[in-house]
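Report on the following structure.
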Amino acid sequence: MSPFRSHMAAALAEARAAAARGEVPVGAVIVSPQGQVVAAAGNRTRELSDPTAHAEILALRAACAAAGSERLPGHDLYVTLEPCAMCASAISQARIARLYYGAADPKSGGVAHGARVFQHPQCHHVPQVYDGIAAAQAEALLKSFFAGRR
């Protein structure tokens with residue numbers, strides 16, 4: 001097993017690219033058990049006219065396609081914002097081993113707030129969760145994006 005290396009900088013880069021496209025700046029990166037980035041994505045809900053096109057969902061789709069499997073055991077997911085309930089459920093279904101996220105989302109989060117998907121008895125797989133990773137940068141990106149919209 002390789003030593004820990006955070007991939008949140010790559011997720012933040014995806015979030016900045018999403019903001020440049022006019023999307024809510026959320027970015028996600030999936031890393032293999034060997035430490036290789038296998039998928040990266042930013043939000044594309046507006047671009048694709050798809051309410052499910054969250055960064056996490058797009059990254060999961062790409063990683064699963066690359067793996068040829070609907071499950072990603074041993075993989076890590078880095079995302080700049082606490083996943084919503086839909087994304088948390090998909091993370092569980094994909095059997096992601098570890099979830100690292102930046103900013104908390106008291107309004108729409110589904111991990112530490114709101115639905116708390118991983119705490120439900122119906123949740124068959126619970127990843128290890130690490131929050132607050134590069135939270136200040138992720139929060140600043142979101143605040144800047146929404147300040148420009150108001």
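The values are calculated or read from the model by the stated rules, or taken from the named source; none is laboratory data. The shown structure was predicted, so the numbers you read here are calculated from the model rather than taken from an experiment. Virtual Cβ from ideal backbone geometry, glycine too; neighbours counted across all protein chains shown. For the accessible areas, the whole protein counts, side chains as well, though only heavy atoms, and no ligand, DNA or RNA atoms are used. Shrake-Rupley method; radii C 1.70, N 1.55, O 1.52, S 1.80 Å.
Could you tell me how many of the residues in segment 66-84 are crowded, with 22+ Cβ neighbours inside 10 Å and not hydrophobic (A, V, I, L, M, F, W, C)? I'd like the intermediate steps shown before the answer.
Step one: list which residues in segment 66-84 are crowded, with 22+ Cβ neighbours inside 10 Å, which gives 72, 75-84.
Checking the rest, the ones that are also not hydrophobic (A, V, I, L, M, F, W, C) come to 75-76, 78, 80, 82-83.
The number of residues fulfilling the criteria is 6.
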Return only the number of the condition from (1) out of contact with any Lys or Arg (no Cβ under 9 Å at 6 or more places or on another chain); (2) polar (S, T, N, Q); (3) open to solvent by less than 30 Å² (accessible area, probe 1.4 Å) that residue 43 does not satisfy.
(1)
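If you take the residues in segment 133-150 that are in a loop (DSSP other than H, G, I, E, B) and touching a strand residue (DSSP E or B) at 6+ places or on another chain (Cβ under 7 Å), which one is farthest from residue 72 (Cα to Cα)? Please lay out each step first, then the result.
The first filter runs over segment 133-150 and keeps only residues in a loop (DSSP other than H, G, I, E, B), leaving 133-134, 148-150.
Okay, now just the ones that are also touching a strand residue (DSSP E or B) at 6+ places or on another chain (Cβ under 7 Å), so 133-134.
Details: 133: 22, 134: 24 Å.
Only one residue tops the list, namely 134.
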Which of the residues that make up segment 1-32 are open to solvent by 10 Å² or more (accessible area, probe 1.4 Å), over 16 Å from residue 82 (Cα atoms) and touching a Ser or Thr at 6+ places or on another chain (Cβ under 9 Å)?
19
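Output the residues belonging to segment 18-44 that are over 14 Å from the mean Cα position of the chain (by Cα) and either over 20 Å from residue 145 (Cα atoms) or of a type in the set (S, T, N, Q) (or both). Lay out the reasoning, then the answer.
Residues of segment 18-44 over 14 Å from the mean Cα position of the chain (by Cα): 19-23, 32-36.
Those that are over 14 Å from the mean Cα position of the chain (by Cα) and either over 20 Å from residue 145 (Cα atoms) or of a type in the set (S, T, N, Q) (or both): 32, 33, 34, 35, 36.
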Can you pull out the residues in segment 119-143 that are touching a Leu at 6+ places or on another chain (Cβ under 9 Å) and among the hydrophobic types (A, V, I, L, M, F, W, C)?
129, 134, 138, 141, 142
Pull up segment 85-104, narrow it to residues that are assigned to a loop (DSSP other than H, G, I, E, B) and open to solvent by less than 30 Å² (accessible area, probe 1.4 Å), then point me to the one that is nearest to residue 130 (Cα to Cα).
97
